[in-house]
Amino acid sequence: MLKKLKLIKQDFDSRVKFYNWLYYLVRNMPGKIGFKAREWFVKRQARSCGENLVVWPEVKIRNIDNLELGQSITIGERAMIQAAGEVTIGDYTIIGPCAKIWSANHTYKDFSIPISEQGYYHKKVVIGKDVWLGANAIILPGAILGDKVVVSAGAVVGAKQYPEGAILLGNPARKVSQRE
């Protein structure tokens, strides 16, 4: 019994571990109480956060202290945000269900060392205002999306700068049209 209590204590020794436990409890709360609890939690933990945040159930956010959120943002069910390299999301943005935003990735250039032992690189992700990320869209480290960009469902957006109003489609994502 004493060993189990020591393990529990170790889980709460750092702010990050405590955050993980608390967010695990809040992440799946149902109903209006769940929406309010997730909004309250993200607002308190993120670097900055505007009003009217909607966080659907099962959203996972890693390195939340590197996350900046504007006003009136919706994060869809089961979305994933990895903010180790910093993520900024502008006002009125919609993140679809199961969308993923990554600001860190594995380093793999040295062929003589296993990838799992090469560490990570970090690149900031910037998502402009009034952007829509469709379901299952993936935003990779270093991507910069201008205001009013639309990313289609399932698109994979690489480390490039995309102009205001672009409509992106495919893997790799490419501009196929322009919002007017």
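Applying the criterion of at least 1 residues that are modelled with pLDDT of 95 or more and within 15 Å of the chain's Cα centre (by Cα) to the strands (runs of 3 or more DSSP E) found wholly in segment 63-177 leaves 67-69, 80-82, 87-89, 100-102, 104-106, 120-122, 125-127.
For (1) of a type in the set (A, V, I, L, M); (2) within 20 Å of L145 (Cβ to Cβ), each residue gets a yes or a no:
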{"site": "R27", "(1), (2)": "no, no"}
{"site": "I33", "(1), (2)": "yes, no"}
{"site": "R38", "(1), (2)": "no, no"}
{"site": "V42", "(1), (2)": "yes, no"}
{"site": "R47", "(1), (2)": "no, yes"}
{"site": "P57", "(1), (2)": "no, no"}
{"site": "I64", "(1), (2)": "yes, no"}
{"site": "I73", "(1), (2)": "yes, yes"}
{"site": "I81", "(1), (2)": "yes, yes"}
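Of all residue pairs spaced 6 or more apart or on separate chains, those with beta-carbon atoms under 7 Å, a first member in segment 143-170 that is over 17 Å from V87 (Cα atoms) and a second member that is polar (S, T, N, Q) and surrounded by 17 or more Cβ atoms within 10 Å (Cβ to Cβ) are A153/N136; G154/N136; L168/S152; L169/S152.
Hey, could you check segment 63-91 for residues that are closer than 14 Å to F41 by Cβ and not β-branched (V, I, T) and say which is surrounded by the fewest Cβ atoms within 10 Å (Cβ to Cβ)? The extreme case among them is D65. Here is the figure for segment 38-62: residues that are part of a helix (DSSP H, G or I) and either touching a Lys or Arg at 6+ places or on another chain (Cβ under 9 Å) or crowded, with 16+ Cβ neighbours inside 10 Å (or both) total 5. Could you please give the count of residues in segment 24-37 that are assigned to a helix (DSSP H, G or I) and touching a helix residue (DSSP H, G or I) at 6+ places or on another chain (Cβ under 6 Å)? Result for segment 24-37: 2. Take the conditions (1) among the β-branched types (V, I, T); (2) modelled with pLDDT under 90; (3) touching a helix residue (DSSP H, G or I) at 6+ places or on another chain (Cβ under 7 Å); V16 misses just one of them, which is (3).
The values are calculated or read from the model by the stated rules, or taken from the named source; none is laboratory data. Model, not experiment: these values are computed from the prediction. Glycine also receives a Cβ, built like all others from the backbone with ideal geometry; neighbour counts cover every protein chain displayed.
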